[in-house]
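First comes the structure, then the notes that go with it.
The values are calculated or read from the model by the stated rules, or taken from the named source; none is laboratory data. Nothing here was measured: the structure is a model prediction, and the numbers come from that model. Using ideal geometry, Cβ is built from the backbone for each residue, glycine included, and neighbour counts are taken over all protein chains shown. With ligands, DNA and RNA removed, areas are computed over all heavy atoms of the protein, side chains included. Shrake-Rupley method; radii C 1.70, N 1.55, O 1.52, S 1.80 Å.
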Amino acid sequence: MFEALINDIRYGIRVLVKNPGFTTVAILTLALGIGVNTAIFSVVYGVLLRPLPYKDGSQLVILHQKTAQARQANVPFSAQEIFDYRRETHTMESVVEHHTMFFLLLGKDTAERVQTAVVSANFFDVLGVKPLLGRTFRASDETPKSDAVLVLSYKYWQARHGGDPEIVGKVFQMNNRPHTVIGVLPPIPEYPAASDVYMPTSQCPFRSNPATIANRQARFMNVFGRLKPGVPIEQAEADLATIAHQLQGAYPAAYPKDYGYSTTAAPLQEELTRKARMTFLTLLAASGFVLLIACANVANLLLARLLKVERELAIRAALGAGRGRLIRQMLTESTLLSLAGGALGLAFAPTTLRLLVKFAERFTTRATEVRIDGTVLLFTVLVSVVTGLIFGLAPALSSGQHAGESLKQGSARTTTSAGRRRLRGALVIAQVAVSFMLLIGAGLMIRSFAKLQQVNPGFRPDHLLTMRLSPNFSHYQQPQQFTGLWKNILSRTQAVPGVQSAALASNFPFSPAAIANGPGSTNFQIEGRMLSQGELAPVVDLTVVSSAYFDTVHQPLVKGRVFDDHDDGNGLLVALVNQTMARHRWPGEDVIGKRVTFDRGQHWTTIVGVMADTKEYGLERPVPDELYLPVAQNGFVPLLVMRTAADPMGLASAVRATLHDFDPQLAVDQVNTVERLEHESLTAPRVVTVLLSIFAALALVISACGIAAVMALSVRQRTQELGIRMALGAAPGSIVNMVVRQGLLLAVIGTLAGIGGAIVLTRLLRTLLYETSPTDSLTFVGVSVLFLAIAAVSCLIPARQVTEIDPLIALRQE
């Protein structure tokens with residue numbers, strides 16, 4: 001058997017080499033399909049399927065507190081709650097905490113803002129992470145009087161310290177005390193976000209404050225857990241539900257019954273990939289469709305080639321070759337083709353993969369694990385082999401069915417059976433149907449993306465420069481010091497040549513934090529509207545801004561007035577609301593003069609104006625209720641927004657130098673333009689749209705070529721018949737029309753099948769579409785017209801060969 005297989009391979013290679021045109025087209029077609037699938041699978045496996053790089057990663061879970069009635073899906077935990085779950089759980093080996101804060105690493109005359117993860121001392125032990133350098137935390141590092149220590153993330157160590165192998169033992173100033181680096185982490189995915197450095201809980205001034213620890217409602221931490229061996233997550237959730245019920249009974253003030261508190265657990269692997277799952281599975285399905293179309297096209301090419309070798313196969317059968325032997329030979333040739341296509345596709349996959357990794361980084365920190373490894377190579381080999389068997393099976397089964405007829409007819413005439421014609425037609429219909437579904441998906445995404453780009457953000461994003469400021473708060477303890485800080489920042493910034501206006505804000509449109517976290521939800525109460533029994537307090541998104549903010553971003557005033565210099569700590573507490581909040585909370589009323597409270601009536605804030613709605617959290621998201629407060633009444637906010645006369649980034653260095661001269665320990669980072677941030681906010685839908693469009697275009701080209709090839713073969717086989725028709729008086733034009741109609745019939749049947757499939761499958765795209773129905777009639781009609789027009793051209797080109805037939809020669813042969 002082995003010797004026979006070797007002979008089949010040798011013979012298959014000789015056949016493919018002798019047919020370079022056919023071989024080249026088939027290999028390139030398969031390379032497109034297999035290469036695309038390899039690249040997409042690399043991302044899907046690396047992000048969604050690869051086991052976590054932690055010890056027994058499947059046992060790691062994230063705990064979530066929820067309030068069903070208040071519609072809060074992820075309420076953070078307080079220290080007291082963590083102590084309770086750690087003490088009462090019967091299903092978890094360990095429960096550890098994690099939260100992030102920003103601190104300053106101070107040099108002699110420099111300051112760097114670092115995102116710091118504050119974790120339990122055994123956090124890395126629970127995850128099963130071994131340090132790349134040094135060590136991680138010990139229990140002794142978490143005692144109140146222990147020396148301050150830091151563990152660096154791999155990415156921060158590489159980016160800021162150049163991968164310094166001697167970094168362990170170096171000392172940095174943070175929170176007015178020295179911190180010693182004790183270790184560096186390996187490159188692992190971090191949740192819920194990537195951090196620069198890690199510290200134990202005792203070193204965070206806020207977390208270690210006794211008042212914070214004692215306050216059950218000081219909720220700001222994430223909680224990780226490790227299940228005991230053999231404990232299913234369903235049992236853990238039942239255990240957590242019991243503990244949550246006990247806490248509600250023991251502390252009714254902290255857990256109002258009207259809120260519906262509960263606690264659940266989710267596998268860490270799912271949490272790391274939740275945002276990416278739907279997008280990448282959609283792309284994997286689309287790439288799979290491209291491969292199916294490529295298979296159908298190559299199968300048709302093989303069927304066409306059978307006509308050339310039919311007599312040879314018949315002679316081999318007559319000399320004693322069994323049908324199984326002939327089928328094995330044909331499958332060997334098709335598998336060789338697919339393996340060659342897979343090898344070529346694999347060569348191009350890394351280029352595509354680099355782009356996909358950058359795209360994946362927007363969804364998950366697991367993007368760093370995406371690579372072409374043994375699993376991906378095995379996938380490529382399996383896909384290549386299976387692909388070869390799929391597209392080679394139909395021609396192979398058809399290869400020995402008409403040997404007797406081939407020998408009788410000799411070499412003068414080439415015929416094809418009705419069954420084989422039906423098979424080729426079915427393959428074309430399948431190609432058309434799948435291509436149509438891909439085109440519909442791409443068309444819907446294009447329509448959706450076009451609508452997104454037409455959305456008015458509610459302000460002018462051009463010429464807006466933004467940066468984040470982080471002062472050394474130990475230098476600013478009193479309210480008047482903070483007032484002097486933000487006034488100095490604004491006055492010095494506005495004095496920089498080219499800066500037209502400047503403002504401070506706690507948030508601004510398309511900021512990375514706004515896009516990642518979404519609107520805030522601060523409880524408030526409207527004057528004169530008492531909450532009934534069981535009614536939840538309304539929530540609003542709060543933004544603190546300086547008086548020039550609205551003029552800087554060009555956000556229009558709809559009614560009333562904006563903030564001015566009189567809105568300070570000595571004046572009336574005032575606020576502005578957006579149009580959505582005015583309509584939502586005071587329908588049909590004049591909102592000016594209305595009052596709200598955020599502390600149950602201890603202080604009342606008067607609304608003095610209504611601002612136009614802005615799309616701060618993404619063009620595709622609905623505008624939330626938003627309320628603006630003046631910075632002079634609410635303290636320093638960290639974001640600086642400037643409108644410039646020229647290129648914003650061209651002024652960034654001058655502004656940074658000015659602020660450094662004012663305060664060398666004022667850290668400045670996240671320098672960007674709002675226009676670029678708006679563009680980046682559309683990266684996900686843009687990339688999905690582009691990839692689906694590329695897949696659809698490939699499918700359309702392959703299908704059009706398949707239709708043309710089938711019609712060309714049909715014309716070649718029917719040369720004598722068509723010649724006789726013309727000899728008997730049929731006009732060449734009528735013959736051309738007949739051939740085109742036959743080809744279009746296949747396209748129409750495929751299109752109708754594609755419409756049915758698209759109606760079902762495009763519903764999966766619903767979450768990716770913006771104001772576009774999955775059954776958008778304009779898209780379906782437009783794609784149908786386009787597809788049938790291209791199909792008509794694909795039929796017309798080979799049909800015109802009819803005009804070259806000489807009727808006399810056809811009659812003489814007959």
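Things worth noting here:
- In the assembled protein chains, S474 presents an accessible area of approximately 40 Å² (probe radius 1.4 Å).
- Solvent-accessible surface of protein heavy atoms, probed at 1.4 angstrom with all chains present, puts H179, H660, H245 in the order H245, H660, H179, largest first.
- Sorting T597, T180 by solvent-accessible area of protein heavy atoms yields T180, T597, largest first, with a 1.4 Å probe.
- Hydrodynamic analysis of segment 583-716 uses the Kirkwood radius over alpha carbon pairs. Inserted into Stokes-Einstein at 37 °C and 0.692 mPa s, it gives a translational diffusion coefficient of 153 µm²/s.
- For segment 141-226, the relative contact order works out to 34 percent when only alpha carbon pairs closer than 8 Å and six or more residues apart are counted.
- A crude spin-label estimate for the pair L378 and R328, with each label 7 Å from Cα along the Cβ direction, gives 2.7 nm.
- Accessible area per residue was computed with a 1.4 Å probe on protein heavy atoms; K66 scores about 80 Å².
- Of the residues S532, S338, ranked by 1.4 Å probe accessible area with the largest first, the sequence reads S532, S338.
- Taken per residue, the accessible surface of the chain reaches 45 Å², heavy atoms only and a 1.4 Å probe.
- The charge dipole of segment 54-151, taken about the Cα centre with unit charges on the Cβ atoms of Lys, Arg (+1) and Asp, Glu (-1), comes to about 140 debye, rounded to the nearest 20.
- The slack in the chain from L572 to N122, taken as 0.36 nm per residue of separation less the alpha-carbon distance, amounts to 157.1 nm.
- Only helical runs count toward this figure. For the chain, summing -39,500 (n - 2.57) over DSSP H runs of n ≥ 4 and dividing by all residues gives -16500 deg cm²/dmol at 222 nm.
- The relative contact order of the chain, computed from alpha carbon pairs under 8 Å that lie at least 6 residues apart in sequence, is 16 percent.
- Of the solvent-accessible surface of segment 423-482, computed with a 1.4 Å probe and all protein chains present, 59% belongs to carbon and sulfur.
- Segment 474-522: projected area of the alpha-carbon convex hull, averaged over directions, in nm²: 5.4
- Note on segment 116-206: the C-alpha convex hull projects to 5.6 nm² when averaged across all orientations.
- Rg(Cα) / (2.2 N^0.38 Å) computed for segment 445-589, rounded to two decimals: 1.27
- Rolling a 1.4 Å probe across all protein chains gives I790 an accessible area of roughly 50 Å².
- With 20 Å bins from 0: P(r) over the chain, alpha-carbon pairs, percent: 13, 35, 30, 16, 6, 0
- Surface share of carbon and sulfur [accessible, 1.4 angstrom probe, percent] for segment 79-231: 51
- The chain, dipole about Cα centre (Lys/Arg Cβ +1, Asp/Glu Cβ -1), debye to the nearest 20: 3120
- Here the accessible area of segment 530-617 is 50 percent carbon and sulfur, with a 1.4 angstrom probe and all protein chains present.
- Distance between the 7 Å Cα→Cβ label points at S474 and I526: 4.8 nm.
- Mean projected area (nm²) of the alpha-carbon convex hull when segment 1-112 is viewed from all directions: 19.7
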